[in-house]
Structure formats: structure tokens, C-alpha cells
Amino acid sequence: MGWKVASGGKAAGGGEKIRFPGSSAAARSRMKLWVVRATTTVLLWTCVVQLTAVGDTWGPRVLKGWPSCLTAPEEEPISGAAAVRPLPVVDKAALPPKRIYRNNGYLMVSCNGGLNQMRAAICDMVVIARYLNVTLVVPELDKTSFWNDPSEFQDIFDVEHFITSLRGEVRILRELPPRVKRRVELGMFHSMPPILPLIRKYKVLHLNRTDARLANNGLPTEIQKLRCRVNYASLRFTPQIEELGKRVIRILRQNGPFLVLHLRYEMDMLAFSGCTQGCSGEEAEELTRMRYAYPWWKEKVIDSDLKRKDGLCPLTPEETALVLRALDIDRSMQIYIAAGEIYGGKRRMAALTSAYPNVVRKETLLEPSDLMFFQNHSSQMAALDYLVSLESDIFVPTYDGNMAKVVEGHRRFMGFKKTVLLDRKLIVELVDRYTNGSLRWDEFSSLIKAAHSKRMGSATKRTVIPDRPKEEDYFYANPQECLQDHDLLQTS
């Protein structure tokens, strides 16, 4: 499919002569002069257009400072209410030099999933754009999933920093240039796996889901390091989110050390996983109805007991309380809950709050007015929890979802900060033995400690399973190519 080119009317019929008005020599002379001038103007304009078209390649050397009518500016103006905000002062000397390359087309990305699934996908999409030599359009975030979050990219991430910090690798635009956008509106773009010849043909590739991602292993080191650079340097949250996160951390630090518990025991997780341990019959029915109501949750018939014994369920608040006690976490430790609303409310949290009285959440540490603009924006709330999780003395996820994995890897990158990676399959077996009286407390505690002595987020190599990549260690949970102690990594 090529460009649609509008054609002008037919200038003259076949064989017809163009008759000039008047017959005098002076009239003919004036007309000849006009034709010469018009022809010269067209030729000059054609030269300018051709030179400008190669400006992306020669610009810094030959056409520096020339305006381009064929390419959109990299810095699009802010419109609407955001326009009244003062723009940040950017130190141009500190920015990396722009990478000069022949642009093969444009990559549009519509992410899906929660904040951290989208975060990892964005990192991969930057790498794909870089190595296909295409221009990346700022990704669109998921607004149709369970969370129904209307947040745009710029509501969560510092879009200016994202664009400028990566200019040495890939060109990123806030939106498609007008001339290209018109093609998209006419349906003149391609939507399928990134194949370079098709991008060159259609000019615009749209990835409307980002479930498929780059491999965990077997990629060149420079690709893996670029994934890390995007994740840890370029995907910075907005100043509003960063400042509020710092405030929560200051409040916690004033009261001593704190542990972040990613207690993944919200209604959506239980409905999705089919895990109903400790739930009433009525609650189990409610969760089942919810699972059947969402078509994108493919697994419908689930044996909760079997799944739990296989270690595939998030730990309950009661199980979590036992594990923290067995690991000798001090009773006075602040426990920050990085999660949404816990299913079952106070009844299900009773065992945890009894064992650890200093259980807090962002909602209890901040005033309602502080969180007013974050309400009904689950990704922005998750971003706050992400920041607090990074700075905690101990991070304990009760399920290995996207946030647990991405935070784990980020804490490794920050110097192998203590992250307790719970062995859920072993834990539920030991919990059941302890609760039925076949295991004493001291034995239970000793076995829990022994099982987790080497599961604290220390340096280790990723597990590689070539024929079963989904069972491998996730790259973003252990980005070993990017860690300072890479040479000290031990095989686990």
C-alpha cells in the first residue's frame, strides 16, 4: 500500500497547443519570462525539499538550523491545561548527543496489564525500536483491563526525561507527525510482529498488545544493558509521584526501619488465581463469579487446594504472619502494606496486625488530600508503592507477580538489597503441619529460616531452560548483565 497522491486536472488535451493571449512579440516575450521564472522557482523548491528530506542524516553537519517541513519536531508543544505549567530547565550540555540514523518508520505501542507489566514492556519496546532503526511513539497505557485506569504515560512517568535521556539511542516522539498520522487514520499501517521490511513498506507498525516480550537469555550484552538503562534511568516517575513517595519514606524513616510487604491478597488476584484458602463459602462463590465475568481470564475451573499445595497461590495474611514470625522479624518493625484493598478486610488482617501492631499503608500515613488526585488511578497508586518498596530495609512479596519481580530486580541493581523470596510450596506444607500439631514452633521456625537463608536477593545466575522459556528466571527479576558484582555471581 503506497501513499495516496492527489492528482491535478488535465492541463491540455493530447496534441493541443497552448495559445497565449495576444499576438504581439511583447506579449509573447512577457509570457516566456513568466514561464522561465515559474520553472526556476519550482526547481529551486524541489532542491530545498530534497535537501531537507536528508536533513535527519546530514543535519548536524550540513543543514544545522534549517527548518524541516517534512519531519515533526522532537519536542511537541504541551497543549491544554498542562501548557500553563513552567517547563523544566534542561541542561543541554548534560544531554547525550542525538544518535543519527536513517529512520525506517514509526513504532506505536499499546501496552496491556498493570503498571509493572507495562513498565517491562516499554523497556523491551525501546530496544526493539533502537535495533530496527525506527522512531518510537510514546507508548499508550492500558485503560481497558480490570483496573480501568485512565492514566496516560505522562501521568505516571516523566515523559520529557524519557525522551531526552534516550536520545542517544532512539528517536522518541510524543505523537506521530501530522502527515504520518493521516495515514494511520486512513488505516495505512501494519499491526503484527516487528518485521523490518513491513515497517519500511507501511511506515507505521502498531503493536496493540505487549504480552510477547524479548527473551530472558541469549541476547547480546548491549541489548540487555539497554533494557536496564531504560528501566533504571529513563523510566522516572513524574515529579508529583516522586515527591509524594519521598514524603512517605521520610515518615517511615522517622519511626525506624521498615519492611514492605507486597501482600497480593486483593479480590482480583484471588478471583484470577482461584485461590480461596480461608475464605467463606459465600466469598468463594463471589470470587468464582468474578472470574467467569472477565473473558480475558481464560482459566475458569480451578482446584484451589491443589493449586495451593503446588505453591501457585499467594500467601494468605495468616500464613504471612507465621512466616514473618518464623524469620524472627521484630514485632516492633513497621510493616508497610504495598497493595490494594485486602479481601476480607480487618477479619483477614487480624492475625497479621496482632503479630505486628505497626502495620501501615499510604492511606494511613498521608492525608486524604494528598491522595485525592491519585484516587481511581491504580497505576499511580502502584507507583507510590513501588518507590517505597525500593527504599525499604526488607522487601517481602507474597506472590511472584510483575511488581514482585520488577522490584526484586531493581533492588538487586541498587546493591542487592534484602528481598525475601518466599518458597510458597514449602511454606504451605510446613504451615499445615504446624497448624495440625505435627510440627512444633521451634521446628517450624528453624525449617523456614533454613529454606530461605539463600533466598534473600543476593547475587545469583538466572536459571536458563531453553525449551521452556516461561519457566526460566525472569530477566527483570535478575538483570545479571547489569549488576556491579557480575563477576561474583554464583550458580544457584
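Things worth noting here:
- Restricting segment 146-167 to residues that are open to solvent by less than 20 Å² (accessible area, probe 1.4 Å) and in a loop (DSSP other than H, G, I, E, B), the residue that is farthest from Leu287 (Cα to Cα): Leu166
- Residue that is nearest to the chain's Cα centre (by Cα), among those in segment 198-237 that are open to solvent by 10 Å² or more (accessible area, probe 1.4 Å) and of a type in the set (Ser, Thr, Tyr): Tyr232
- Number of residues in segment 251-271 that are closer than 29 Å to Leu315 by Cα and open to solvent by 70 Å² or more (accessible area, probe 1.4 Å): the value is 3.
- Residues being open to solvent by 20 Å² or more (accessible area, probe 1.4 Å) and not in a strand (DSSP E or B) - total across segment 100-113: 4
- Restricting attention to segment 408-446, the residues being assigned to a helix (DSSP H, G or I) and open to solvent by less than 80 Å² (accessible area, probe 1.4 Å) number 18.
Conditions tested, residue by residue: (1) modelled with pLDDT of 95 or more; (2) part of a loop (DSSP other than H, G, I, E, B).
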residue: Ile199; (1), (2): no, no
residue: His206; (1), (2): no, no
residue: Arg213; (1), (2): no, yes
residue: Gln224; (1), (2): yes, no
residue: Val230; (1), (2): yes, no
residue: Ala233; (1), (2): yes, no
residue: Ile241; (1), (2): yes, no
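- Considering residues of segment 170-188 that are assigned to a loop (DSSP other than H, G, I, E, B) and within 25 Å of Ser379 (Cβ to Cβ) only, the residue most open to solvent (accessible area, probe 1.4 Å): Glu175
- Which numbered condition Ala338 fails, given (1) over 27 Å from Arg250 (Cβ atoms); (2) in contact with a His (Cβ under 7 Å, 6 or more places away or on another chain): (1)
- Residue in segment 444-459 that is under 26 Å from the mean Cα position of the chain (by Cα) and among the hydrophobic types (A, V, I, L, M, F, W, C) present: yes
- Selection count where residues are closer than 15 Å to Leu115 by Cβ, surrounded by 19 or more Cβ atoms within 10 Å (Cβ to Cβ) and out of contact with any Phe, Trp or Tyr (no Cβ under 6 Å at 6 or more places or on another chain), scope segment 389-400: 1
- If the condition is being of a type outside the set (A, V, I, L, M, F, W, C) and open to solvent by less than 70 Å² (accessible area, probe 1.4 Å), then segment 447-463 contributes His452, Gly457, Ser458, Thr460, Arg462, Thr463.
- Hey, Tyr265 aromatic (Phe, Trp, Tyr), within 19 Å of Arg412 (Cβ to Cβ) and at pLDDT 95 or above or not: no
- Counting residues in segment 304-312 that are touching a helix residue (DSSP H, G or I) at 6+ places or on another chain (Cβ under 9 Å) and either hydroxyl-bearing (Ser, Thr, Tyr) or without any contact (Cβ under 8 Å) to a residue 12 or more places away in the chain (or both) gives one or more.
The values are calculated or read from the model by the stated rules, or taken from the named source; none is laboratory data. From a predicted model like this one, the values you see are computed outputs, not experimental measurements. Heads up, the Cβs are rebuilt from the backbone with ideal geometry, glycines too, and the neighbour counts pull from every protein chain shown. The accessibility values were calculated without ligands, DNA or RNA, using every heavy atom of the protein model including side chains. Shrake-Rupley method; radii C 1.70, N 1.55, O 1.52, S 1.80 Å.
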